[in-house]
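Nothing in this text is a laboratory measurement; each read-out follows from the coordinates by a stated rule. Not measured: the values here are computed from a predicted model. Counting neighbours? That spans all protein chains shown, and the Cβs are built from the backbone with ideal geometry, glycine included.
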Amino acid sequence: MGIFDSLKQLSQLKQQALEFQKILASKEVEVGSKNKEIKIKMNGKMELLSIEIDENILKPENKNYIEKLIKKTFEEAQKEIEKIIAKEIKSTIGFPFF
């Protein structure tokens, strides 16, 4: 294999990576806390798209509760995105990483 073949393969890998990023960016999940007081929307690139907080819990005395709920809901959204990424990798490459 010559250097030009390697460069061609590198170019193809780069193109596949760009396509994969587009696929991930188009995937979205919305996860709500147990009582639906917090909703988080995230895309496949793990970018936070939105956070919704039920106004009924927006009280100063609920600060710690809200912070914990946001953290837990965000972690659940990340897990859902990880499942999507694993599925996309498996279907695109045919190799199960997760």
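Structural remarks
- Net dipole in debye of segment 1-96 [+1 Lys, Arg Cβ; -1 Asp, Glu Cβ; about Cα centre; nearest 20]: 200
- For the set 27/63; 22/72; 34/63, the pairs lying more than 24 angstrom apart at their alpha carbons are 27/63; 22/72.
- For the chain, the mean residue ellipticity at 222 nm estimated from helices alone is -20000 deg cm²/dmol, where every DSSP H run of n ≥ 4 contributes -39500 (n - 2.57) and the total is divided by all residues, rounded to the nearest 500.
- From phi via Karplus (6.51, -1.76, 1.60), per-residue ³J(HN,Hα) for segment 53-60 in Hz, x at Gly/Pro: 10, 4, 5, 5, 9, 7, 9, x
- The chain: most fluctuating residue of 40, 23, 85 per GNM, C-alpha cutoff 10 Å: 23
- Computed from the C-alpha gyration tensor, the three semi-axes of the ellipsoid equivalent to segment 3-93 are 39, 11, 9 Å, from longest to shortest.
- Cα lying deepest toward the dipole's positive end in the chain, options 23, 43, 2, charges on Cβ: 2
- For segment 1-97, applying the loop criterion from DSSP together with a ceiling of 10 other beta carbons within 10 Å to the trypsin sites (Lys or Arg not before Pro) yields 34, 36.
- Relative contact order of segment 3-93, defined on C-alpha pairs under 8 angstrom at six or more residues apart (%): 25
- Of interest is the spacing of the C-alpha centroids, which for segment 31-98 and segment 1-24 amounts to 31 Å.
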